[in-house]
Structure formats: structure tokens, C-alpha cells
Amino acid sequence: MDLDNAWVRAQFPAFDQTSLQGHAFFENAGGSYPCRQVVDRLCRFYTERKVQPYAPYEASRIAGEEMDEARSRLAEMLGVADQEVSFGPSTTQNTYVLAQAVRQWIKPGQHIIVTNQDHEANSGPWRRLADQGVPFREWQINPQTGELGLDDLANMLDERTALVVFPHCSNVVGAINDVAAITEMAHAAGARVCVDGVAYAPHGFPDVGALGCDVYLFSAYKTYGPHQGIMVIREAWGMELPNQGHYFNGDSLYKRFTPAGPDHAQVAASAGMADYIDALSAHHGGESGAQAARLSHDLMRAHEVALLQPVLDYASAKNAIRLIGPGDANRRSPTVALEIGRNAEEAAAELAAHGIMAGGGDFYAQRPLQACDVDLDNGVLRVSFVHYTSKQEVDGLLEALDQVL
């Protein structure tokens with residue numbers, strides 16, 4: 001079964017906007033268009049429910065119910081318990097708060113393993129713990145391929161490893177890491193696992209329960225939703241870590257790692273992501289809830305892989321372009337970083353004149369780019385897309401790249 005791309009695009013208000021006609025969006029790794037279901041819920045909350053939730057009057061009661069609905073439905077799609085899903089202002093903030101809890105939890109003599117494949121939001125907070133006496137070891141990528149090796153991790157793990165932190169996939173390398181296999185290795189050594197899913201989740205919600213990791217983080221504004229960070233933290237470890245919220249919320253798992261109050265409207269609007277996934281599944285003959293998430297994931301991935309391979313083949317065939325990461329679309333996300341031998345931001349500006357919205361720079365991924373010997377002054381040209389991208393837009397991208405590069 002193929003993804004009905006025309007139906008998908010009809011679910012996103014951006015494609016109806018006159019100002020965006022003739023402009024193909026290829027900077028989705030920086031944030032996706034929101035789906036209509038999220039926009040509608042956010043508008044409704046602000047116009048009908050913008051009161052303090054969970055009070056004993058109707059507007060407040062409904063506001064609280066919509067916030068609870070978002071948590072419950074996303075938990076089902078992610079394959080975890082309701083209380084294991086928490087919201088925060090961003091994934092960067094969620095990671096920082098989690099790191100502070102780990103700093104209090106970790107024992108003397110233990111260390112953390114981080115990678116140099118990460119976006120800085122999932123690297124910096126852990127590395128900075130070294131200033132407070134928590135050492136780290138760096139799991140390094142292959143400088144030619146940008147990929148992480150499981151054998152390298154196996155050689156680093158020992159009884160003093162408390163936590164392994166890595167991305168589901170990098171926002172510049174694109175290679176999809178085997179979360180389940182890495183988690184199994186880390187757990188066998190007695191370590192906990194924290195996964196940054198920000199660059200993966202836009203391509204289909206993962207079954208976090210099946211992956212087995214202790215923490216999985218992603219950003220709703222990249223999964224067609226509002227600007228919220230979403231963190232899955234499994235109960236066994238979450239209740240073991242020190243509470244970072246108000247002392248009287250210490251018994252609530254989803255409140256323990258939210259020091260500030262939640263953004264009521266954006267949390268409630270996050271249920272729109274579940275609405276969309278359910279609708280996508282139903283349109284293709286599927287069910288709702290967890291089954292919808294699995295079917296939608298597979299439909300999205302198949303569509304993206306088919307569009308991605310010609311882009312990778314194009315880049316691989318050009319001597320003046322260096323493709324960062326694997327050239328096989330089945331092994332990576334449709335986030336493609338290209339070293340072009342000149343300033344990438346300038347090239348992105350030239351692409352804009354051809355109706356292509358792309359980005360140039362380091363994308364807060366200086367460590368992997370430096371490890372791959374990329375000149376940060378030039379950066380990389382990044383073209384990234386998701387399942388609402390059409391074949392016609394990809395064809396236009398390749399034509400524009402030919403003229404600019």
C-alpha cells in the first residue's frame with residue numbers, strides 16, 4: 001500500500017496558503033508544518049478553554065481533560081504507560097533537567113557515555129556534568145562514514161558505566177542507529193539508556209516500549225505539533241531519579257521532571273498529533289491508537305525512502321559534492337547534509353530564489369561535522385523532508401541544485 005500523498009497534504013494548512021505557493025519546504029529537520037488537527041485544537045483551546053485547568057467549572061474541566069487526553073493518546077502510540085509521558089518547553093530543556101537529576105543519582109566512580117554524533121542539545125548537558133565531577137567517555141563516529149560502531153561501544157562498556165546517551169539518528173549524518181541493539185548491550189552492562197529521537201520521530205512515531213530504552217526524547221514541533229518537548233521516561237528509572245519538580249509533585253512521574261508549569265494550550269493541542277495519525281491510518285484502512293502509529297510509521301518511511309534515494313544518488317554522483325552519511329535510503333532519514341566546497345548559507349539563499357526552502361550552517365551539530373572534517377566556516381547545505389513532501393517537489397529540488405551547485 002502506498003501513502004496517499006495528496007490526502008496527506010490536504011491535512012496541512014500551509015499548503016493552502018497563497019504566500020507559500022511555489023515554495024517547496026526542505027528544512028523540515030528544523031521544524032515541520034503543523035497539521036490541521038493541531039492548529040484547530042490550539043485555536044479552540046485559546047478561544048474556549050484558556051483558563052486554569054482542573055478546576056470544578058466546565059471550561060476548566062474540559063481544559064484538563066484535553067491535556068490528559070494528549071498524554072494518554074501519545075502514550076498509547078509510543079507503546080508506554082500514560083504517566084511515562086511528560087511535556088516540557090523544549091527537548092533541550094527536558095534534557096538539561098534530566099541531566100541534573102542524573103548528576104544527583106550517579107555514584108562516585110561511575111561515568112556516562114556520550115557520542116560525537118549528537119545535536120548539541122543531547123551532548124552538551126551531559127558533557128558539562130564533568131565540571132561537577134561526573135566523567136564521560138566519548139563514543140566516536142567513523143570520520144569517513146559518520147556512523148557509530150557497535151563494537152566500539154562494546155569495548156567502552158564496563159561495570160562503571162551508569163548511562164549511555166545517543167541519538168536515534170543524527171540531524172546531519174542521518175544514519176539510523178539500532179536503538180534496540182544498543183539498549184540491550186547497555187542494559188547487559190548494567191547501564192541506563194537515553195535516546196534523542198528528535199531527528200527520527202518526524203518520520204513516524206517509534207514504538208518506544210519495544211525499543212526498551214529508559215528515556216526517549218523528541219520535539220512536537222518537528223512531529224507536526226506545537227512547540228513542546230516530549231519525554232518518555234520509564235517508571236522504573238524515573239521514580240529512582242531525584243525529583244526535579246515541586247516537592248509536592250514528587251509522587252507524579254510526569255511532573256517530576258517539569259520544574260515549571262506546563263503550557264496548557266500546547267499540551268492540549270498535542271492531542272492533534274494523535275488525531276492526525278489516527279486519521280492517516282483510517283484513510284489507509286487501518287485502526288486507531290497503537291496500530292495507527294505502526295501503520296503510519298511504515299507508510300511514512302516507505303514514501304520517504306522512495307523519494308530519498310534519487311537525492312542520495314544525485315549527491316553521490318557529483319564530484320563537487322560530499323554526502324555526509326550513508327548513501328542507502330533504507331539506512332537513514334531523509335535529512336541530507338552536503339559539503340559543497342563553499343559557504344552553504346549562501347547556497348541556501350540561492351536555492352530560495354528557485355523556490356527551494358533549505359538551510360545552510362552547522363545546525364548545532366558542530367561535533368559530528370568537525371569529526372567528519374567539515375569546514376565549519378562553510379558548514380553544510382541541508383535538505384530535509386518528510387512524508388508530506390511530493391515527488392514533484394523532489395524533482396524541483398534536483399533541478400534547482402543543478403543550477404546552484
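The values are calculated or read from the model by the stated rules, or taken from the named source; none is laboratory data. Nothing here was measured: the structure is a model prediction, and the numbers come from that model. As a convention, Cβ positions derive from the backbone with ideal geometry for all residues, glycine included, and neighbour counts pool all protein chains shown. Calculation scope for accessible area: heavy atoms of the full protein, side chains included, ligands and nucleic acids excluded. Shrake-Rupley method; radii C 1.70, N 1.55, O 1.52, S 1.80 Å.
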Projected onto their principal axes, the Cα atoms of segment 251-380 stretch, largest extent first, over whole-Å spans of 52, 42, 30
Taking the chain and counting helices only, DSSP H stretches of n ≥ 4 at -39,500 (n - 2.57) each over all residues, the nearest-500 ellipticity at 222 nm comes to -11500 deg cm²/dmol
A chain fully extended from ASP375 to ARG331 at 0.36 nm per residue, minus the present Cα-Cα distance, gains in nm 13.3 nm
Cβ-Cβ cut-off under 15 Å around GLY285, Lys and Arg +1, Asp and Glu -1: the net charge is -4
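Shape call for segment 41-274 from the C-alpha gyration tensor, a ≥ b ≥ c root eigenvalues: rounded (a/c under 1.5), prolate (a/b greater than b/c) or oblate? Intermediate results must be reported in sequence, preceding the final value.
Values: a/c = 2.26, a/b = 1.66, b/c = 1.36.
Prolate is the answer for segment 41-274, as a/c is 1.5 or above and a/b outweighs b/c.
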Projecting the Cα atoms of ASN249, GLN366, VAL85 onto the charge dipole of the chain, where Lys and Arg contribute +1 and Asp and Glu -1 at Cβ, the residue farthest towards the positive end is ASN249
So for the chain, using the alpha carbon gyration tensor with a ≥ b ≥ c as root eigenvalues (a/c under 1.5 gives rounded; past that, a/b versus b/c decides prolate or oblate), I'd call it oblate
Expressed per residue, the solvent accessible area of segment 72-173 in Å² (1.4 Å probe) is about 38 Å²
Ranked by GNM mean-square fluctuation in the chain (Cα springs under 10 Å), the top entry among MET300, MET156, MET231 is MET156
Where a ≥ b ≥ c are root eigenvalues of the Cα gyration tensor, a/c under 1.5 meaning rounded, otherwise prolate if a/b exceeds b/c and oblate otherwise, segment 133-183 counts as prolate
Listed residues LEU323, LEU20, LEU78; largest mean-square fluctuation, Gaussian network over the chain with Cα springs below 10 Å, found at LEU20
For the chain, percent of DSSP beta bridges that are antiparallel (nearest 5) comes out at 55 percent
For segment 268-392, the per residue accessible area (1.4 Å probe, Å²) is 37 Å²
Within the set ALA358, ALA292, ALA188, GNM on the chain using Cα springs under 10 Å gives the largest fluctuation to ALA188
Output for segment 10-66: chymotrypsin sites (Phe, Trp or Tyr not before Pro) sitting in coil per DSSP, at most 14 other Cβ within 10 Å, listed by number, reads TYR54, TYR57
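Quick one: with all protein chains in place, what share of the accessible area of the chain is carbon or sulfur, to the nearest percent (1.4 Å probe)? Display every interim value, and only then the final one.
Details: 7690 of 15920 Å².
Of all accessible area on the chain, carbon and sulfur atoms account for 48 percent.
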Taking the alpha-carbon centre of each part, the distance from segment 198-249 to segment 138-188 in Å is 19 Å
Most packed first (mean Cβ within 10 Å per residue), the peptides 207-218, 344-355 order as 207-218, 344-355
One finds the C-alpha centres of segment 24-45 and segment 370-398 to be spaced, in Å, by 20 Å
